[in-house]
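Accompanying notes for the structure given below.
The values are calculated or read from the model by the stated rules, or taken from the named source; none is laboratory data. No experiment lies behind these values; they were computed from the predicted model shown. Glycine gets a Cβ as well: all are built from the backbone with ideal geometry, and neighbour counts include every protein chain shown.
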Amino acid sequence: MKPTPQPIDPKKRTFVPPPPELSAKAALNIVRVFACLLAVPLVFEIAACFTASKTNLAAATMRSGMQWLLTNVLGEGNKDVHLGREGWLFDQHEIDRLVHVKRAENDLHARMLKLAADLKKQEVKLLVVAIPGRAAQYPEQIRAGDYSGPVRVKEEAARLAELTAAGADVMDMTDAFWDFRDRQAVFYAQDSHWTPEAMKAAALAVNKQVREKFPRLASTETPIINATILEHEDAGDLARRLDPQHADRLLGTEPADLISIQGIEPSAKSAVVLHGGGLMRVFDDANLSFGGGDKPPRAGFATQLSTLLGKPLDVRGMPRAGESYEEKKLVICLLPMTELVP
C-alpha cells in the first residue's frame, strides 16, 4: 500500500524570487558615473590645449593612467599599436598589411626600379637587402597557432622579381630570419627595430654576398679597430606610442648588448654606397631606440658591415631622386619589406 502523501503547507512552498529589476533611478546613477569617468580625461585634454604646462602635465598623467588600465586590465593597445600575446606590440598598419586591408601606396618600389635602371646605365651594381617585418616573423604573438613559415604578402615575390628583372641583386632575408629566430630573437617585443644579433646576421650575409660577387670592393686584411661592449636598455618605440610619458612603467624595458666599434669612419669617397633608414641607424642614432646615452654608440649596421668588409662605406639615408653615384661601384639598399611592398 502506498503511503498517503501529506498535504504541503503553503507557507513551506519553495519560492523563487523574480529577477531583480534595475530601477530608473539606479540606471540614471550608473550613467552619471560612466559620464563622469569619460568627462574627467576629456576635460583635461581640452584644458591642455588652452592652458599652462601644469595642465598639460595633468592631461598626460591622466592619459598615461587610462592607457595603463587599457593595457594591463583590458589587454588593449590603441588605434595605432596592437597589443598581442605575451606583451608583444605591433604597428597596426603592419597587421592591416598582412590581412590585406587596403593601404595607401608609397613610391619606394617605383623609385627603386628607376634607381636600378639608372645604375645599370652607369654600370653600377645595385644590391637590395629586404628585411621582413615583425608581424611576418612572429605571427603567433598576434594569433596563437603553429606556423610552418613566415606570413607573407602575395605581392612580395612579384615586386622582388621586378627589381631583379631591372638589374638589381635581391637578398630577401625573410626565410633566413625565420630559421634564425629558432636560435635568437630577430625583433624586440616592444620595439619596431631588429635585435643586434639579427642585424649582425644580416651584415654577415651581405658581406658574404659582396665578397663573392665583388671581391675587389672588400679588403683581405683585418682592420685595426677599437671595440667596446655596451649595455643599453629601452622601453621600445612602440611602447612609447602607447604611453609617451611612462613607457617603461607600462611594460618594462628590454636590454641590448652592443659592440661599439671605432676605427673605420664613413667616407664619401668610398666606392660602395649604403642606403638605409631606421634599421640602419637604430644602434647609432641617439634619437632612436637603444641609441641614447652620453655618447651614441657606433654599433649599427653600417659600422658592422664596414668592419666586416674592412673598408669604409659612403653611408646615406633612404634613396632620393637626383643623387649622384659617380665613381661608385656598388649601391646597397637596406629596406624594410613593409615599405618596399606596402
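Out of curiosity, is residue 190 at negative phi, polar (S, T, N, Q) and surrounded by 20 or more Cβ atoms within 10 Å (Cβ to Cβ)?
Yes, satisfied.
Mind checking whether some residue in the stretch 65-87 is at positive phi, exposed (fewer than 14 other Cβ atoms within 10 Å of the Cβ) and among the small types (Gly, Ala, Ser)?
Checking the stretch 65-87: at least one residue is at positive phi, exposed (fewer than 14 other Cβ atoms within 10 Å of the Cβ) and among the small types (Gly, Ala, Ser).
Out of the residues in the stretch 289-329 that are within 19 Å of the chain's Cα centre (by Cα) and surrounded by fewer than 20 Cβ atoms within 10 Å (Cβ to Cβ), which is nearest to residue 265 (Cα to Cα)?
317
Please pick out the residue among 104, 110, 117, 144 that is free of Cβ contacts under 8 Å to residues at least 40 places away in the same chain, surrounded by fewer than 17 Cβ atoms within 10 Å (Cβ to Cβ) and in the same structural domain as residue 329 (by TED's automatic domain parsing).
110
Could you list all residues from the stretch 211-236 that are farther than 30 Å from residue 192 by Cβ and among the aliphatic types (A, V, I, L, M)?
217, 218, 224
Output the number of residues of the stretch 133-145 satisfying the condition of being touching an Asp or Glu at 6+ places or on another chain (Cβ under 8 Å) and part of a loop (DSSP other than H, G, I, E, B).
So the answer is 1.
Of (1) surrounded by 15 or more Cβ atoms within 10 Å (Cβ to Cβ); (2) assigned to a helix (DSSP H, G or I); (3) among the basic types (Lys, Arg), residue 152 satisfies all except one. Which?
Every condition holds for residue 152 apart from (2).
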